[in-house]
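Structure, as structure tokens:
The values are calculated or read from the model by the stated rules, or taken from the named source; none is laboratory data. Quantities reported herein were computed from a predicted structural model and do not represent experimental measurements. Every residue, glycine as well, gets a Cβ built from its backbone with ideal geometry; the counts of neighbours run over all protein chains shown. Keep in mind that these areas ignore ligands, DNA and RNA; they rest on the heavy atoms of the full protein, side chains included. Shrake-Rupley method; radii C 1.70, N 1.55, O 1.52, S 1.80 Å.
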Amino acid sequence: MRNLIDILDLTTEEIDELISTASDIIDNPGKYAEACRGKILGTLFFEPSTRTRLSFTSAMMSLGGSVLGFDQANSTSVTKGETLSDTIRMVSAYTDIIAMRHPKEGAPIVASAVSEVPIINAGDGGHFHPTQTLTDLMTIKRKLGRLEGLTVGLCGDLKYGRTVHSLICAMSRYAGVRFVLISPKELRLPDYVKDEFLKDGSYTEITELEAAIPELDILYMTRIQEERFESHEEYERLANVYELDANKLRNAKPTLSVLHPLPRVNEINVDVDTDPRAHYFEQAANGRYIRMALILKLLGTRGYSDNRMSGEESDTLECRNPHCLSLTERGIVKLFRDGVCIYCDQKAQNK
Ligand code: CP
């Protein structure tokens, strides 16, 4: 059984294969219309979603399968105190594959340890969002023809933006990719992503958007993640710090691809929508096809084990990330690998 917890669970060859399958699905949808007849996808969304949940639903229905699940935790027995582990044990008895979104980081790892069926991480807190990255990579490949040798600008909330973290993990594996990290200093990329995935010289960190635009092949705009801020005043101060508009694109390359995982708030003016370089709605539409390809792959994978619970207990270390599920889930075994919490990837502290 195989899961998708973070994007590095897939090799670059497997990502190429998924993009090829997704493109074949677009060209030949009838070939796949019965591929999952009799199979059930569980969509467990403990956090709001439009694109991810509905594109997973559409993907499974387009494969001839069925879908059950929920779109908010308050309609489930979590409100009676049930743990995530027990919820997953039950849902995995009713389904063949599960896509889950949870506000706590590491939740899909906890789920994969008890599930009888493949777990797909559809977003865990401010940590990772690997299926968004598949959507992003598919869009880049179809628009620019390659994933190598690109200059990628990432703009906005790089601290809490899980789509940014997963995209950097994925694209840092391709030769010649450079990142321009554009954010206020309060919302810079976390060290656990930078230290693990970015080599010296492969990135620059800046605060100004406009000056960076002419050199970019991709401009990946992101929303400031209001729901992850400790203080509303701090969010208000940073909320409208970037706004891409048609005027700011006047010196951009004609081949630039403007992407955004969506939803947007004010960071892309609607006057950009008609620019032929604006690809964010097509990006979201691609999500349906790449998720069809992913469901087919995970349901077809046999004799594979990707146990993520490898690590050691510690008498001296503890995770202090307030967003990590390991701090609140009852019965969880707290594990560390090389001084890092295995659930949220953040550096552990001495007790
Ligand atoms: N990109 C994305 O995850 O969108 P939703 O939150 O609408 O699923």
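Candidates S166, S183, S172, S257: the one that is modelled with pLDDT of 95 or more, surrounded by fewer than 20 Cβ atoms within 10 Å (Cβ to Cβ) and under 28 Å from S49 (Cβ atoms) is S172. Annotation: of all residues in segment 223-249 being closer than 16 Å to G153 by Cβ and charged (D, E, K, R), the one that is most open to solvent (accessible area, probe 1.4 Å) is E243. So, F128, is that one among the aromatic types (F, W, Y), touching a Lys or Arg at 6+ places or on another chain (Cβ under 9 Å), open to solvent by less than 20 Å² (accessible area, probe 1.4 Å) and closer than 22 Å to L8 by Cβ or not? Yes, satisfied. Taken over segment 318-349, the criterion of being open to solvent by 70 Å² or more (accessible area, probe 1.4 Å) and in contact (Cβ under 8 Å) with a residue 60 or more places away in the chain is satisfied by T328, R330, G331, K347.
For (1) closer than 23 Å to I140 by Cβ; (2) within 16 Å of the ligand (Cβ to nearest atom); (3) of a type in the set (D, E, K, R), each residue gets a yes or a no:
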position	(1), (2), (3)
T255	yes, no, no
L262	yes, yes, no
E282	yes, yes, yes
N286	yes, yes, no
R291	yes, yes, yes
L298	yes, no, no
T316	no, no, no
R320	no, no, yes
I332	no, no, no
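Okay, residues lined up against (1) in the same structural domain as G145 (by TED's automatic domain parsing); (2) away from the ligand (no atom under 16 Å from the Cβ); (3) crowded, with 20+ Cβ neighbours inside 10 Å; (4) of a type outside the set (S, T, Y):
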{"residue": "E17", "(1), (2), (3), (4)": "no, yes, no, yes"}
{"residue": "S20", "(1), (2), (3), (4)": "no, yes, no, no"}
{"residue": "N28", "(1), (2), (3), (4)": "no, yes, no, yes"}
{"residue": "E34", "(1), (2), (3), (4)": "no, yes, no, yes"}
{"residue": "F46", "(1), (2), (3), (4)": "no, no, yes, yes"}
{"residue": "T52", "(1), (2), (3), (4)": "no, no, yes, no"}
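For first residues located in segment 246-274 and in the same structural domain as M138 (by TED's automatic domain parsing), partners that are modelled with pLDDT under 95 and lie 6+ apart or on another chain with Cβ distances below 7 Å form the pairs P263/R223; R264/R223; V265/R223; N266/N240; E267/R223. Residue-level analysis places S66 outside the set of residues that are open to solvent by 20 Å² or more (accessible area, probe 1.4 Å), modelled with pLDDT of 95 or more and within 13 Å of the ligand (Cβ to nearest atom). The test for being at pLDDT 95 or above and at positive phi holds for L262. Under the condition of being among the small types (G, A, S) and either under 21 Å from the mean Cα position of the chain (by Cα) or within 16 Å of the ligand (Cβ to nearest atom) (or both), the residues counted in segment 76-116 number 7.
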